[in-house]
Amino acid sequence: MTETKTQNGGAAKSAPDAGDIAVVAENFSIYYDYGKFHAVKGVSMGLRRGKVTAIIGPSGCGKSTFLRCINRMNDLVDGCTTSGLLALDGVDIYHPRLDVVELRRRIGMVFQRPNPFPKSIYDNVAYGPRLAGGVGRAELDEIVETSLRRAALWDEVKDRLSNNALGMSGGQQQRLCIARALAMRPEVLLMDEPCSALDPKSTSRIEDLIDELSGEYTIAIVTHNMQQAARVSDYTAFFYEGHLVEFGQTKQMFTNPQMKQTNDYITGRFG
Amino acid sequence: MKTSTRKILDKSFSALALSSMAIMCAAAVAFLAPIIINGSGAVWFKATVEHFKFLREVLDRGSARELAAMTEKSDAAREKLYSLMRAYESPADFKKISGAIASARRAAFAEAAKKSAEFVKILDENKGAASAPVIKKFGAGIFADYSGLVSGAAKRSSSPAMAEFLAGEKEALQDGARAVLEDFAKIRKLSVLEKGRVRRELPAAALENLGAASEKVSEDNAAYAAFKEGVWELLGPMTQADKEAAKMMRRKFGQTRMDVARKVLGESVLRIRVNSTDSSGRQTSESVLVAERFKGTPLAEMAKCAEENFTAMMQPRNTFYWGFLFDSPYDSNIFGGIFPMILGTFYLTVGAMIFAAPLGIVAAIYFSEYAKNGRVVNFLRMCVGTLAGVPSIVFGLFGLAFLINTVKVSESKSVLAGSITLALLILPTIIRSCEEALKTVPNSYREAALGLGAGKWRAICTVILPAALPGMLTGIIISMGRAAGETAPIIFTAATSTGAAIALADVFTEATPALPWNIYNICSEHEMADKIEHVQYGMVLTLIAIVLLLNSVAIVLRDRLQKKLRG
């Protein structure tokens, strides 16, 4: 990592407010199908450290694609290519010599549908640390407990840590997935519509959780739910047809959007 | 469409589906029921005293005291039949009869010598060929008593000794006729032609009578020999000496099973095959009922005795012969069990798994997790698909031509060569089923694992394989069932029809008997196929049981693992 960092020092300097910004995108484009389809077009924005950034936009606007590129989950998609710069702490995420595994340990991700492994609750949370290795039994117990407490799940599951995670409710499962991501002690947490498969009560618990986690983690959350974006985020980015239309402080964006499209979307004229 | 029409459609479809399922079930029952009923008969059956003798003498099992009690009872019953047979073979009055016949012959020739003058006169009166009938008539007169005795003896008793005696009488008659010529010569010198005529014609009538008698005796003897052979087949050898002289085990013991014994009684004792000449003069053999054909003769009496004492002679008793599964076969499966075949099937199946499972799993992981849709991969997929469609006999030939003749994994047929061939046969199935199982693992698991910083290989090992395990195991175990039941690939590469169970260390060099091949063999090539139906059914049932067992293990294992995965 250090080597890569020095190599890409120039890139880091070019990002505005580098100290304050964890992830920076500059003229970043994403193509599917070996360049035939231009999904995200020249996006330039930054995720501020310790803040929650919401990414909103109608279906198919590229917001999820953009989010998944931040920890290179799109590598799994055949024919997905990128151009431009995307950097974490000044390190080019798409540098060919970058260790993707290491990157993903620093950028945790929570998916749209809760996807715990078919293992025990304990094993789910311990999965990441075990992969990283070098953790003793006692330390692992501690990590599991802290992560579950962080995800506000500890009290509900502390007596049945050895039960299968798939036996939990959907909301619990999603919080478990958050705990699992937190157990890696990531710097950035990406959330891809984390509440879309959940009922309102579970949704509000997750939102509370995001609130608690902000400050400590840099969080990017993709959501379809405008109210949710308004409630939980500090910054909001509005994507439309692959373009970043507007990016700014949430309060300002929802009260006084600069662009007409943003206004139309927020007020529900389309999307 | 109206609601009522829709309802009728739905109902008729349900009815169709149900009836087709009912037909399937009925077919399965019709197919399995006889196999299960007859197959269990290989283990649980009514055994005769011969079965216990076999166990005691060959396998050193069973209680000697009980056997002694059974043998005593059966021997007592058999003695009735045996004494009849002995009486037939050496009749008590044979010496008397044979002596009487011999002295009658001597008396007849003495009389002929006495009547020399009378005889020469006949020759003088009838010149040339005209004398022949007269001489014959003259002979018939002096041999009248003798012929009567011979006919009577042949009617009363037709033991082998009698047949021999009658053959001797023929020569004695001819010798006697030659001797009496000298007496005639004392009266006047006879010409060569005359001598010949006298020699031929004097005992002609007696010889004709003798010929008819000995034909009857030899026919009776052939029938008795067939009957005796049947009794041997049913009860085993009559004497200890016969038993020791017998080479094959089937000649050392009688029928061990009551059902087969009853069959043998009906087919070879109460009925026997006799030779007969049909109208066109061809020799044929036909099966006749002893009681009818030989009515009133000692043979009919023997058959009646055998029928009446049948149960007492066999001493039937229900028995559970677990050794059918654990004993070696003796005398081409007529006695003993099928252990070497079961063991061979086990070796071949496990061997095939050892080769096919790792290869198949690795290939499936490659296809499902690593391969991108390129030309090479598509070609590989096509190869796997083609391999799955190749007839199994071709795999067998491949095993022979490539593995044994070219690569020389072993000198000739061996378990190793058979296992590799079977492995190749089931490999496509394993690859397919494992790939399907891997594909059913939700992509979200892969994403989650990778998102948590697992490398691809770690993600496969820690998350994807465990999640796919139930499906993979099911596919593998069902393929095992297929391997256990395949016949064609092992014909050329691994199977022998006979042979003992082989040790684990010999699997690299030795061929082995195996259930599928031996089922074919003892059903179609066995010389006594109709007498060992229980073994055929027993083998089939065992094979089906193995396959069903494997399949149910697969189902149970999958359910358990899935429950564990679901939580």
Within region B:313-364, residues being out of contact with any strand residue (DSSP E or B) (no Cβ under 9 Å at 6 or more places or on another chain), modelled with pLDDT of 90 or more and either closer than 24 Å to B:L550 by Cα or surrounded by fewer than 22 Cβ atoms within 10 Å (Cβ to Cβ) (or both) number 21
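Yes/no matrix, rows are residues, columns are (1) under 25 Å from B:P358 (Cβ atoms); (2) in contact with a strand residue (DSSP E or B) (Cβ under 9 Å, 6 or more places away or on another chain); (3) modelled with pLDDT of 90 or more; (4) not acidic (D, E):
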site	(1), (2), (3), (4)
B:I431	yes, no, yes, yes
B:T440	yes, no, yes, yes
B:A448	no, yes, yes, yes
B:V463	yes, no, yes, yes
B:M480	yes, no, yes, yes
B:S497	no, no, no, yes
B:W517	no, yes, yes, yes
Here is a check on your reading of the model: is B:L550 closer than 29 Å to B:L400 by Cα, in a helix (DSSP H, G or I) and in contact with a Pro (Cβ under 9 Å, 6 or more places away or on another chain)? no
Flagged pairs (Cβ under 9 angstrom, 6 or more apart or on separate chains; first in region B:428-445, within 14 Å of chain A (Cβ to nearest Cβ) and on the phi < 0 side of the Ramachandran plot; second surrounded by fewer than 17 Cβ atoms within 10 Å (Cβ to Cβ) and part of a helix (DSSP H, G or I)) are B:N443/A:L76
Those residues of region B:168-188 which are free of Cβ contacts under 8 Å to residues at least 12 places away in the same chain and closer than 30 Å to B:A300 by Cα amount to B:G168
Wholly inside region A:77-157, helices (runs of 4 or more DSSP H) that include 2 or more residues that are more than 9 Å from every other protein chain (Cβ to nearest Cβ) and not basic (K, R) are A:121-132, A:137-150, A:154-157
Selection over region A:205-225 where residues are closer than 13 Å to A:E193 by Cβ and either touching a residue at least 40 places away in the same chain (Cβ under 8 Å) or part of a strand (DSSP E or B) (or both) yields a count of 6
Here the residues within region A:158-195 that are more than 14 Å from chain B (Cβ to nearest Cβ) and outside any helix (DSSP H, G or I) are A:C195
When every residue in region B:408-427 that is hydroxyl-bearing (S, T, Y) and assigned to a helix (DSSP H, G or I) is compared, the one nearest to the other protein chains (Cβ to nearest Cβ) is B:S419
Of the residues in region B:8-52, those that are under 21 Å from B:G337 (Cβ atoms) and of a type in the set (D, E, K, R) come to B:K46, B:E50
Considering region B:473-495, residues that are outside any helix (DSSP H, G or I) and crowded, with 22+ Cβ neighbours inside 10 Å, and then whichever is farthest from the other protein chains (Cβ to nearest Cβ), we arrive at B:A495
Scanning region B:58-89 for residues that are free of Cβ contacts under 8 Å to residues at least 12 places away in the same chain and not in a loop (DSSP other than H, G, I, E, B) gives B:A64, B:R65, B:A68, B:A69, B:E72, B:D75, B:E79, B:S83, B:R86
B:E286: passes all of (1) among the acidic types (D, E); (2) modelled with pLDDT of 85 or more; (3) under 29 Å from the mean Cα position of the chain (by Cα) but (2)
B:F165 vs (1) in contact (Cβ under 8 Å) with a residue 60 or more places away in the chain; (2) farther than 28 Å from B:A222 by Cβ; (3) crowded, with 17+ Cβ neighbours inside 10 Å: all pass except (2)
Cβ pairs under 9 Å, 6+ apart or interchain, first in region B:454-472 and within 9 Å of chain A (Cβ to nearest Cβ) and in contact (Cβ under 8 Å) with a residue 40 or more places away in the chain, second among the hydrophobic types (A, V, I, L, M, F, W, C) and not in a helix (DSSP H, G or I), ordered by first then second residue, are B:P466/A:F117; B:A467/A:F117; B:A467/B:V441
The condition of being within 23 Å of the chain's Cα centre (by Cα) and not in a helix (DSSP H, G or I) holds, among B:K243, B:K228, B:K189, B:K247, only for B:K247
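The values are calculated or read from the model by the stated rules, or taken from the named source; none is laboratory data. Everything numeric here is computed off the predicted structure, so don't read it as measured data. All Cβ positions, glycine included, derive from the backbone under ideal geometry; neighbour counts span all protein chains shown.
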